[in-house]
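The values are calculated or read from the model by the stated rules, or taken from the named source; none is laboratory data. Since the structure is predicted, the reported quantities are computational estimates derived from the model, not experimental observations. Cβ atoms come from the backbone with ideal geometry, glycine included; neighbour counts cover every protein chain shown.
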Amino acid sequence: MPRQTTGARVRRAAIRSLLTIAATTAVVAVAPGASFADSTKSGTSSEARQETGKAARTNLRNAYASLEPTRRAGRSFSGIASYYGNNVGNKTASGQRFNENAMTAAHRHLPFGTKLKVTHGSRSVVVTINDRGPFIRGRVLDLSKGAARAIGLTSRGVGRVVAEVQ
């Protein structure tokens, strides 16, 4: 099992406790046009039950989203990047179809849709994160073939890059 950072362990523990709270806490929602007293009767309407489920799911989603680390513009990192282009037509982790000529990249945990300015030598390109990876230790980004071609990374296949969140 890969080593977890302290931040990942803390987030995982917080999510577990939120799920425990959500499982043991009743969420009360009143159907439109009904009073709270009406909703506490033993025969709860199916509309009220549906609203309760929606509210619980929304609250859980919002709680989970607030645990995600904030990505600020200007944050940068550097390391070894590679490119991939053999998955044409397959879906990426974000659900989009992979296009090897698009300016996209894969990162382990940056949110989908994050824009990065990737620089290799004197050439740079702006890519959008739409997949997860790279899954090779020591690499920080997997670029699409189009993005790698734009910065001259295709000849060797890998290279040192500097990436800045836009």
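Taking the criterion of being under 18 Å from ALA150 (Cβ atoms) and in a loop (DSSP other than H, G, I, E, B), the residues of the stretch 83-113 that qualify are GLY85, VAL88, PHE98, ASN99, GLU100, ASN101, ALA102, MET103, HIS107. Report yes if some residue within the stretch 88-99 is assigned by TED's automatic domain parsing to the domain that holds ARG160, within 18 Å of GLU164 (Cα to Cα) and surrounded by 14 or more Cβ atoms within 10 Å (Cβ to Cβ); otherwise report no. Within the stretch 88-99, none of the residues are assigned by TED's automatic domain parsing to the domain that holds ARG160, within 18 Å of GLU164 (Cα to Cα) and surrounded by 14 or more Cβ atoms within 10 Å (Cβ to Cβ). Do we have any residue at all in the stretch 103-118 that's of a type outside the set (Gly, Ala, Ser) and at pLDDT below 60? No, there is no match, as no residue in the stretch 103-118 is of a type outside the set (Gly, Ala, Ser) and at pLDDT below 60. Quick one: SER122 ticks every box in (1) surrounded by 13 or more Cβ atoms within 10 Å (Cβ to Cβ); (2) of a type in the set (Ser, Thr, Tyr); (3) at pLDDT 75 or above except a single one, so which number is it? SER122 satisfies all of (1) surrounded by 13 or more Cβ atoms within 10 Å (Cβ to Cβ); (2) of a type in the set (Ser, Thr, Tyr); (3) at pLDDT 75 or above except (1).
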